[in-house]
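For reference, the structure discussed in these notes is given below.
Coordinate-derived values only; no laboratory data. Everything numeric here is computed off the predicted structure, so don't read it as measured data. Ideal geometry is used to build each Cβ from the backbone, glycine not excepted, and the neighbour counts take in all protein chains shown.
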Amino acid sequence: MTCNHHTNACQAFVTLFLLLSLSTCYQAWAAPTSSAQSAAVVKTRSSDTEWHAYNGTPAEQRYALLDQVNTDNVQRLALDWLFDLPSGNTMTAPVMADGKLFITTGHAHIRALDATRGEQLWEFDSGARELSGFRLRYGFGNKGLAYWNGRVFTGTHDGRVIALNANTGELLWENRTIEQEELRSLLPWADTPDAEIVDHRYVNGPPRVFDGKVIIGHGGADVAPVRGHVDAFDAKTGERLWRFYTVPGNPADGFESDAMAMAAETWSGEWWKQGGGGTAWHGFSHDPDLNHLYIGVGNGYPYNHTLRSAGEGDNLFLASIVAVDIDTGEYQWHYQTTPGEQSDYTATQDMTLATLSIDGEERKVLMQAPKNGFFYVIDRTNGQLISAEPFAKVSWATHVDRDSGRPVEVSGYRYHGGELFELWPSVSGAHSWQPQSFSPRTGLVYIPVTERASLIGDKGLDLSSPGAGTGLIGDFNLGIPGSRQSFLRAWDPVAQELRWEQPTPGDWPGGTLATAGDLVFQGRIDGKFVAYHAATGAVLWEYNAATPVLAPPISYAINGRQYIVVLTGSGTTGGGLLTEGIADFRTDYRMPRRVLTFALDGEAKVPPSPAPPRRAPDPAYQPDLQLEAEGAQQFARSGCLICHGNNAVAGGAAPDLRLSPIVLSREAFQGVVRDGLLVSKGMPQFSELTKAQVESIRQYLRSLGQKLDS
C-alpha cells in the first residue's frame, strides 16, 4: 500500500480498514465420487419455480431446480428485459413469487416488477437514509429481502424490520431489532439524550423467514462496543418471539440462559464493558426436520484478544456456528471455527445444508467456507466436526485437529507485543459475504474466493490508551507476493479437494448460482456475467454488461420459461476499503445500475453506457503541502475512506471525490459535510468537525484531483 502524504495518515487508514474488515486456467476435472453424487437437496422448498429467499431455500444452497437453460443451449441465452435503477447500493439479491420480482436497493428502497416484462408495479422507500444518522458512516444499504405468504420483508439500516403487502407495497407492520434505550445504557459515555450520536449498530444483512418467523441480526462490532444478538419475529404480526444473545453480558445482571452462563466461562476480565461483539448479521439456515436454526456469529470487539478478554479463553460464541431451537431460541449446540478470534475471522458466511455420503454413511451436514480459509463439513445434528481443510492460502494455523475440532495455530499468530504477522487470509477473509452455491448433481460447492494478505499486530500500540480502538495495527498489504487475487473455486466437500478453479478479475469476486442445467453463474468486476460448466469449469457463455456485476444471481420460471436475473453495480458496506484491488475497473458511484434478466432467445438490448464522469477544472487550486497532509489524516480519521476509498479512489459505494465539482466550492463542501445537505442521498453529516478540518479535507481532495492530470 502506498500513502500520498504522511505515515500517520497511512496508519489511520490501516486502523480503519481493520475496524471494518473485504487467461482461462483450471485443473483437470475428475468426476465426483459416488458418495458426492448422492448429495441430496434438502426438502425445504416452497416452490421449484420461484425464489423466495436470499439463497433460495432455508438450506441456503443457491441451487435452482431448473434446467431449461443448460450446457447444451446456454449459448442461446440472451437479455430478455432490463430495468434501470438510480445510484445507490445494488449489490443485492432479488426474490420472486407470484409473477413478481422484488428488489431492494440503496437504503431499503423496495420495488416490485412484473417478473416477465420488468414493468414496475409499486415501490416503497423505508426512509432509512434520513433515520440512520451516525450509522450511515459504518454501514451501507441492505443486501436482500425475503418473501413469505404474500408478504415481503427486509431490514433497514436504522434497525427496523418491516413487512409489506406483496401485491400493493402497503406497510403491514414494523418492529425494531435495535433498541435506542439499550444502546444508551450499553455505551457508558453516551450522556446525551440523542442516542443516534453513539449508535454504531446497523442492519444491512437480508432477513430470513423460516417456519413463519422472521430471523434477523445486526452489525456494528467492527467499530464499536456492542453485544450481538439475533431476533425472531412472528411473520404475521411482527411480535418478537425470542432473542438469542451471542456473547454473555455482565454477570452481575444475571445470565439470560444457561448457554450464556456456559459461554461466560470462556471469557476473562471485564469483557462486558466493551460489549464483546459477536454480531450475527448475515449467515442463517434452517433444518425443519431437526427444528434447528443455524446462526453464523461474527468477530469480537475489540479485535485484540488481550484488550477484549485479558488474552484468555475461547470467547464463545465468537466466530462460531450455533444451533438453536427455532421455536424458542434455546441453545442446542455450537462449533467454534476460530477460538479466541483476533483477526476479524467471522463465521457469518453462508451455511449450506445437504445430505452427503461420507465413509459409506449418509450424513446430514452443514458446510461453510468462512473468512479464516478452512472449509468445514459439520454434522448438523450435533455440531461434530467431520472435516476441515484449507480452500485458500492459510498462514495462521497448520491444520484443524479432527479429534478436538480446534485449529493448530502457528507461532507468531498471537502477535501480542511481537512483530507484525503476515496473515493469510487477510482480515477481509478468503470468503466474504458474496454467497457460495452447491449443486447436488455434481456434489460440488462453488466459492467466490479472495487471496489477500495482511500484516497485523499491536507492537508499539499503547493498549491502555482510549485511542487504542480495536487494539490492532497493521497494513492491508497488497504488495505481498500472491496477494490481491480472486478465484471461483469448485470444492468437493466429501474429498475436501479442489476440483477446478477459474481466476476472476480484481480481488472482489461476485456471488454464485448453481442450476440443474449443470451451470454455475457468476458476475465479475470487469462487467462480464459468466456461465461455467458446473463439472469442468469451462466458460460456456458470457455477457458484457459494461459495468461491474457482483450481486448474486437468481433463477425462476414462469409459464415454462426459465429466467436468470442479476443486478449490476458495485459498492456496499465498506466498499471504499476495497478500491486498491479494483481500481483498474469502472467502479464510480454513477455507473449504470440495472436489473438484467436473461432467457433463451431474448431480444432486449442494453443502451450505450454514459461516459464516465470527468474531473471539473480547478484553476484556483494552490498547493499547500501542510494543509493537504492534515487533510489526508482527517480524511482517514473521520472514516471518509470507508465509502469514498483510500486516497479517494472510488469503489462504487460513493462518488469519486477527485472528480466532484462540490469539492471546488468551499461553501458547498462545508454544507454537505458539516450541515448534512445530502443526508437524503445517503451522505452522513459530520457536524463534529470544525470548518478548518473540513477545509483541510477539501484541500487534500483538490490535490488528488490535480494528480489525475499528471
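Structural remarks
- Pairs from LYS100/LYS681; LYS213/LYS236; LYS393/LYS459 whose Cα-Cα separation, in the structure shown, is over 18 Å: LYS100/LYS681; LYS393/LYS459
- With each label modelled as a point 7 angstrom along the Cα→C-beta vector, the SER680-ASP211 pair spans 4.5 nm.
- With each label modelled as a point 7 angstrom along the Cα→C-beta vector, the SER395-LYS459 pair spans 1.3 nm.
- Between SER687 and ALA668, the contour length at 0.36 nm per residue exceeds the alpha carbon distance by 5.4 nm.
- Label point 7 Å beyond Cα of ASP125 along Cβ direction - residues of the stretch 71-96 with amide nitrogen under 17 Å: 85-90
- Cα-based Rg and Dmax for the stretch 625-707, where Dmax is the largest Cα-Cα distance (Å): 11.4, 34
- Summed side-chain charge close to THR352 - residues other than THR352 whose Cβ falls under 9 Å, Lys, Arg +1, Asp, Glu -1: -1
- Between ARG414 and LEU708, the contour length at 0.36 nm per residue exceeds the alpha carbon distance by 101.7 nm.
- Legend: translational diffusion of the stretch 431-491 by Stokes-Einstein, Rh = Kirkwood radius over C-alpha pairs, 25 °C, 0.890 mPa s; D = 169 µm²/s.
- Kirkwood-based shape ratio for the stretch 481-546, expressed as Rg/Rh from alpha carbons: 0.98
- Within the stretch 366-510, all pairs of alpha-carbon atoms sorted by distance into 5 Å bins from zero give the percentages 2, 10, 17, 19, 18, 14, 10, 6, 3, 1, 0, 0.
- Net lengthening on full extension, ASN250/ASP234 (0.36 nm per residue, minus Cα-Cα): 2.9 nm
- Debye intensity ratio in log₁₀ form over the Cα atoms of the stretch 261-387, taken at each q of 0.13, 0.19, 0.21 Å⁻¹: -0.51, -1.00, -1.16
- A Cα-only calculation for the chain places Rg and Dmax at 23.8, 75 Å.
- Spin-label pair GLN384/ARG176, simplified geometry with 7 Å Cα→Cβ offset, distance in nm: 4.5
- When THR328, THR154, THR116 are sorted by how many other C-beta atoms sit within 10 angstrom of their C-beta, beginning with the fewest, the order is THR328, THR116, THR154.
- Bins of 10 Å, starting at 0 and running to the largest distance - Cα pair percent for the stretch 347-430: 17, 44, 28, 9, 2
- Label-reachable residues, the stretch 301-324, where backbone N falls under 17 Å from a point 7 Å from SER404's Cα toward its Cβ: 312-316
- Calculated FRET efficiency for the pair SER47/ASN167, C-beta based, R₀ 25 Å, to 0.05: 0.90
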